[in-house]
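Undergrad: Below: one structure in structure tokens.
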Amino acid sequence: MKKIMVGNHAVSWGVMLARAEVISAYPITPQTTIVEELSVLCADGRLKAKFIPVESEHSAMACCVGAAAAGVRTFTATSGQGLALMHEMLHWASGARLPIVMATVNRALGSPWNIWGEQTDSLSQRDTGWLQLYCESNQEVLDTVIQAFKIAEEISLPVMLNLDAFFLSHTAEPVEIPEQSLVDGFLPPYQPEFRLDPKNPHSFGCMTPPEYYMEFRYKIQQSMLQGKVVAQQADDAFGRVFGRKYGLIEPYRCEGADLILITSGAIASTARVVVDNLREKGRKVGMVKIRLFRPFPKEELLEILCRVEKVAVVDRNVSFGVGGIFAHEMRAALCNEKVRPAIFSYIAGLGGRDVTPQVLNDVIYQTYKRQEPEAQSVWVGMRS
């Protein structure tokens with residue numbers, strides 16, 4: 001069945017198809033319609049879940065931590081300042097090895113106040129022990145929700161899926177709705193090895209002295225690295241069942257390229273058009289969309305990028321004092337490689353500003369023109 005729906009409702013329907021059992025949320029623009037739709041789906045009986053409205057995002061994640069510890073499939077959603085308010089509880093969720101799934105509608109952080117799209121909110125949480133996936137389309141959003149539960153429950157770590165505010169969250173596209181029976185076969189009921197149970201008591205999250213704490217962190221790191229393998233397996237299995245797959249990264253027209261554009265999220269759709277136009281003019285330009293950010297897909301990227309001289313990374317985010325976060329991660333991942341491209345970093349689209357074909361053409365032109373990056377990051381699309 002196909003249905004025209006906005007990205008936020010694609011999240012909601014993905015959660016319904018995944019048969020989440022507890023949903024805890026606090027509304028914040030532009031996430032609000034995710035939990036509004038979920039409340040409707042719960043109220044009319046299409047989703048058999050406990051919907052818990054709370055007074056803050058901090059409390060929303062606290063509820064999810066408790067529900068997941070009790071052994072039920074758990075979901076929440078947030079944006080921008082709400083995600084920032086959750087920060088403490090994100091560490092509790094990953095430290096407790098709870099497979100919570102959260103949708104983040106990427107929104108710029110204040111001050112000044114802004115509700116439009118930017119990835120700095122989710123990327124500010126990159127060290128909290130959550131896997132992070134970035135979506136390009138509403139179809140990918142729905143499919144990634146289902147995959148996220150599969151991944152999270154396999155490695156006992158939480159997963160955050162990200163979609164651009166308004167460019168996806170409030171834009172309607174045709175979305176294929178999978179059959180419930182097929183989703184049930186792909187994602188069986190959650191049955192954790194350990195859970196809160198009065199009949200079989202255990203201690204969870206207790207005080208841990210230095211003699212043991214470091215080993216707990218080591219196990220999270222090993223599971224996070226294993227998450228890359230599990231995410232690829234989940235995507236492959238999803239493709240076999242539903243006929244759609246996305247990869248950890250998605251190369252586009254990279255054969256014979258001498259320059260590759262790196263993007264993530266909705267910008268990737270614009271970048272494909274730009275690449276096609278430049279290819280028609282004889283320019284050997286390719287593109288790679290990064291879908292999985294944590295754990296970082298170093299080997300997958302290196303396999304493609306080692307064959308080119310220049311890489312232009314377009315970041316819709318900023319780490320002040322460093323620059324574009326995706327570009328910074330790529331430099332760190334590739335710095336010890338004997339054969340590696342020059343990485344040119346560009347920051348664009350902050351606060352919801354459009355990243356137009358002209359902006360991407362300017363990025364590519366500037367990268368071709370220079371032998372080495374002129375700055376740590378170059379800001380493009382600025383008002384003159």
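Undergrad: Using Cα-only point scatterers and the Debye equation, what is log10 of I(q)/I(0) for the chain at each q in 0.09, 0.11, 0.12, 0.14 Å⁻¹, rounded to two decimals?
TA: Debye output, listed in q order: -0.50, -0.76, -0.90, -1.20.
Undergrad: Taking R0 as 22 Å, what's the FRET efficiency between Leu225 and Ala84 from their Cβ-Cβ distance, rounded to 0.05? Before the final figure, lay out the partial values.
TA: Working: r = 27 Å, r/R0 = 1.22.
Once rounded, the FRET efficiency stands at 0.25.
Undergrad: Related question: Count neighbours as other Cβ atoms within 10 Å of each site's Cβ, and list the trypsin sites (Lys or Arg not before Pro) in the stretch 20-58 that are DSSP loop with at most 14 such neighbours. Walk me through the numbers on the way to the answer.
TA: Details: sites: Arg46, Lys48, Lys50; in loops: Arg46, Lys48.
Those satisfying the criteria are Arg46, Lys48.
Undergrad: Considering all alpha-carbon pairs of the stretch 26-151, what whole percent are spaced by more than 24 angstrom?
TA: 23 percent
Undergrad: So if each residue of separation counts as 0.36 nm, and I subtract the Cα-Cα distance between Arg307 and Arg370, what length gain in nm does that give? Provide the component values of the computation, followed by the final result.
TA: On the way: separation 63, 0.36 × 63 = 22.68 nm, distance 1.85 nm.
So the extension gain works out to 20.8 nm.
Undergrad: Additional query: Would you list which lysines come within 29 Å of Lys281, measuring only between C-alpha atoms, while excluding same-chain residues fewer than 8 positions from it?
TA: Lys289, Lys310, Lys369
Undergrad: Simple spin-label model, 7 Å along Cα-to-Cβ: Glu173 to Arg195 in nm?
TA: It works out to 3.5 nm between the two label points.
Undergrad: Taking other Cβ within 10 Å of each residue's Cβ, how do Phe194, Phe167, Phe51 sort, fewest first?
TA: Working: Phe194 12, Phe167 23, Phe51 17.
Placing the least packed residue first, the sequence is Phe194, Phe51, Phe167.
Undergrad: Pull out the extension gain between His202 and Arg283, defined as 0.36 nm times the separation in residues minus the alpha carbon to alpha carbon distance; nm, one decimal.
TA: On the way: separation 81, 0.36 × 81 = 29.16 nm, distance 6.21 nm.
Gain on extension, His202 to Arg283, equals 22.9 nm.
Undergrad: Counting other Cβ atoms within 10 Å, which chymotrypsin sites (Phe, Trp or Tyr not before Pro) in the stretch 53-117 have at most 15 and lie in a DSSP loop? Show your work: numbers first, answer last.
TA: Details: sites: Phe75, Trp92, Trp113, Trp116; in loops: Trp113, Trp116.
Listed in order of number, the matching sites are Trp113.
Undergrad: Size of the dipole of the chain about the Cα centre, Lys and Arg at +1 and Asp and Glu at -1 on the beta carbon, nothing else charged, in debye to 20?
TA: 500 debye
Undergrad: Distance in nm between label sites at Val241 and Asp184, each 7 Å beyond Cα in the beta-carbon direction?
TA: Spacing of the two 7 Å Cα→Cβ label points: 1.2 nm.
Undergrad: Among Gly7, Phe216, Met89, which residue has its Cα furthest toward the positive end of the charge dipole of the stretch 2-242, with +1 on Lys/Arg Cβ and -1 on Asp/Glu Cβ?
TA: Phe216
Only the coordinates and a few stated rules stand behind these numbers; no lab work does. Please read all numbers here as calculations on a predicted model, not as lab measurements. Note that we place each Cβ from the backbone using ideal geometry, even for glycine, and neighbour counts take in every protein chain shown.
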